[in-house]
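> Mind looking over this structure? Questions follow.
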Amino acid sequence: MQKIDGGFSYAEVSSSVEKADFTADGRRVVVRVVERTNLYFQVTEPNSPQYNGYQLRHTLTFNRGETGWTLAAIEAEIPPNAPAPATQFAPSLPAVKAAPNKTQSSIDAKTGSTNHKVTTSAYDYYAIADYANTYVWNPNPDYRVYSQDCTNFLSQAMKAGGWQPVDGDRTWDGAWYYGNWTWTTSYTWAGAENWYWFATYQTQRTWILPYVYDLGFADVLQLDFQQDNIIDHSMIVTMVNTVDVHLTYHSGPEHNKRLRHILDQYPNAWYYAHRT
């Protein structure tokens with residue numbers, strides 16, 4: 001990260017115990033700890049995010065021996081379909097394959113495009129970003145939390161910004177709605193791949209930008225990590241400034257992660273930058 005933009009200057013780390021399980025003989029304990037870290041940027045500008053915040057669970061195993069307790073193992077619970085925090089090693093990705101049957105966004109520097117959006121009365125972009133900033137750490141209790149929660153979180157933010165539900169069979173990519181149960185909720189609400197087809201092809205509520213650095217405030221970035229033509233992850237732009245594009249998402253969660261850090265971690269992923 002230091003080679004990209006100066007990296008981070010320091011970190012604030014706190015942790016809390018979520019659960020502890022002892023074996024029957026009392027000689028082993030498995031502790032689940034929640035880490036909350038703010039990584040302060042070396043390079044910032046006035047009124048821009050000062051840090052990239054993330055939350056990460058760890059499983060710690062302690063064994064009791066003749067001389068007392070020792071830490072036997074520690075494992076970070078990194079979500080499989082989301083960018084890893086900057087403090088963790090990112091999983092390796094395959095080499096770039098042929099283009100899929102979707103419109104991709106190039107990760108090359110933009111050439112003449114702009115990330116300044118023309119705002120309309122259709123949607124409230126400030127409400128979208130405000131929702132993401134408000135509920136990134138503590139999910140809105142009005143909604144379920146999924147094990148892979150990124151697109152559920154994205155849909156909530158879009159609804160807060162003015163997107164209206166569309167009825168229909170829950171398996172149809174032209175429908176989009178939330179229900180009291182999973183079986184009364186459309187696939188497009190919480191499925192990243194389904195959301196892509198609903199937003200772009202079925203309703204044209206978004207269109208794909210040619211370059212990822214064309215992203216503007218309250219736009220959406222989706223990633224296909226494995227290049228298998230199934231989108232894995234969704235993120236919301238919560239700030240754009242001269243330093244970078246900043247993204248917020250669940251299935252982390254992570255707040256104001258810089259786009260260039262994601263590109264450095266996952267240069268071989270397929271990117272889909274949506275103009276909302």
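> Scan the stretch 54-67 and tell me whether some residue there is modelled with pLDDT of 90 or more, assigned to a loop (DSSP other than H, G, I, E, B) and within 26 Å of Ile230 (Cβ to Cβ).
Checked against the condition, which is being modelled with pLDDT of 90 or more, assigned to a loop (DSSP other than H, G, I, E, B) and within 26 Å of Ile230 (Cβ to Cβ), the stretch 54-67 yields no hits at all.
> Go through the stretch 169-227 residue by residue and tally those that are in a loop (DSSP other than H, G, I, E, B), over 17 Å from Gln148 (Cα atoms) and within 20 Å of the chain's Cα centre (by Cα).
Number of matching residues: 8.
> Consider Glu45 against the criteria (1) part of a loop (DSSP other than H, G, I, E, B); (2) open to solvent by 60 Å² or more (accessible area, probe 1.4 Å); (3) acidic (Asp, Glu): it satisfies all of them except one. Which criterion is unmet?
Going through (1) part of a loop (DSSP other than H, G, I, E, B); (2) open to solvent by 60 Å² or more (accessible area, probe 1.4 Å); (3) acidic (Asp, Glu) one by one, Glu45 breaks only (2).
> Tell me, which residue of the stretch 61-91 that is in contact (Cβ under 8 Å) with a residue 12 or more places away in the chain and β-branched (Val, Ile, Thr) is nearest to Asn152 (Cα to Cα)?
Taking the candidates together, the pick is Ile78.
> So which of Asp264, Asp232, Asp228 is open to solvent by 10 Å² or more (accessible area, probe 1.4 Å) and closer than 17 Å to Asp173 by Cα? Give the steps one after another, and end with the answer.
Working: Asp264 fails: closer than 17 Å to Asp173 by Cα; Asp228 fails: closer than 17 Å to Asp173 by Cα.
Every option except Asp232 fails the conditions.
> As an exercise: evaluate Trp163 against (1) open to solvent by less than 10 Å² (accessible area, probe 1.4 Å); (2) within 18 Å of the chain's Cα centre (by Cα) and give the number of the one condition it does not meet.
It is condition (2) that Trp163 fails.
> Could you say whether any residue in the stretch 14-22 is open to solvent by less than 70 Å² (accessible area, probe 1.4 Å) and over 20 Å from Thr70 (Cβ atoms)? Walk me through how you get there before you give the answer.
Taking the stretch 14-22 first, the residues open to solvent by less than 70 Å² (accessible area, probe 1.4 Å) are 14, 16, 20.
Narrowing further to those that are over 20 Å from Thr70 (Cβ atoms): 14, 16.
Scanning the stretch 14-22, I find at least one residue that is open to solvent by less than 70 Å² (accessible area, probe 1.4 Å) and over 20 Å from Thr70 (Cβ atoms), so the answer is yes.
> Taking the stretch 90-146 only, how many residues are open to solvent by 80 Å² or more (accessible area, probe 1.4 Å), under 29 Å from Asn229 (Cα atoms) and either modelled with pLDDT of 90 or more or among the polar types (S, T, N, Q) (or both)?
Within the stretch 90-146, residues that are open to solvent by 80 Å² or more (accessible area, probe 1.4 Å), under 29 Å from Asn229 (Cα atoms) and either modelled with pLDDT of 90 or more or among the polar types (S, T, N, Q) (or both) number 4.
The values are calculated or read from the model by the stated rules, or taken from the named source; none is laboratory data. Model, not experiment: these values are computed from the prediction. Glycine also receives a Cβ, built like all others from the backbone with ideal geometry; neighbour counts cover every protein chain displayed. What goes into the accessible areas is simple: the full protein's heavy atoms, side chains included, and nothing from ligands, DNA or RNA. Shrake-Rupley method; radii C 1.70, N 1.55, O 1.52, S 1.80 Å.
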